[in-house]
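One structure is given below, encoded as structure tokens.
Coordinate-derived values only; no laboratory data. Being a predicted model, the structure only gives us computed values, none of them experimental. In this analysis, Cβ positions are derived from the backbone assuming ideal geometry, glycine residues included, and neighbour counts consider all displayed protein chains.
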Amino acid sequence: MPITDDEGLGRLLDADTIAVVGCSTTPGKAAHNVPAYLQRHGYRVIPVNPFADEVLGEPAYDELADVEAEVDLVNVFRPSEEVPEVLDAVRERHAERGDAGAAWLQLGISHDEAAAAAEADGIEVVQDRCMKVEHGRLRG
């Protein structure tokens, strides 16, 4: 079951390093403003965007597998139909490197089957919730 309780959400908010799949270079878009907010609140944000060299002053990676740093949580800003592919990459990374133990699908993004498969592999999943909103509510 995806995490919905405040205790579980708070635990995921204890992450230090967040890879943001679909991080945008465009101010005003949620996929830019939410990671910028997280960065301002002390998280290390690693952008994953194959169409950008840099986002928020950080080098951007083409895909999650290219990220060299240890990742605590993967924040997802991709359409729901792309979630299985993204969560497969999270599962692969988790199996190979032992990191990326959580995936946070932003508001409006969900895929129950892919989330269940990720959870079966030991990955905690949040669906259809804004990380910025939950951070502000629980940590603000």
Name the most mobile residue of 111, 41, 32, meaning the one with the largest mean-square fluctuation, in a Gaussian network model of the chain with Cα contacts below 10 Å.
-> 41
With residue 131 itself left out, Lys, Arg at +1 and Asp, Glu at -1 over residues whose Cβ is under 15 Å from its Cβ give +2
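Can you give the net charge of the other residues whose Cβ lies under 12 Å from the Cβ of residue 6, counting K and R as +1 and D and E as -1? Each step should come with its number before you reach the end.
Working: positive: 11, 129, 137, 139; negative: 5, 7, 134.
Cβ neighbours under 12 Å give a net charge of +1.
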If Lys and Arg each add +1 and Asp and Glu each add -1, what is the summed charge of the other residues whose beta carbon sits under 13 Å from the beta carbon of residue 92?
-> -4
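Can you give the % of DSSP beta bridges in the chain that are antiparallel, to the nearest 5?
Values: 2 of 19 bridges.
The antiparallel fraction comes to roughly 10 percent.
By count of other Cβ within 10 Å, fewest leading, how are 29, 132 ordered? The partial results should precede the final answer.
Working: 29 13, 132 20.
The order, fewest Cβ neighbours first, is 29, 132.
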Be a star and scan segment 10-38 for residues whose amide nitrogen sits under 12 Å from the point 7 Å along the Cα-to-Cβ vector of residue 44.
-> 16-19
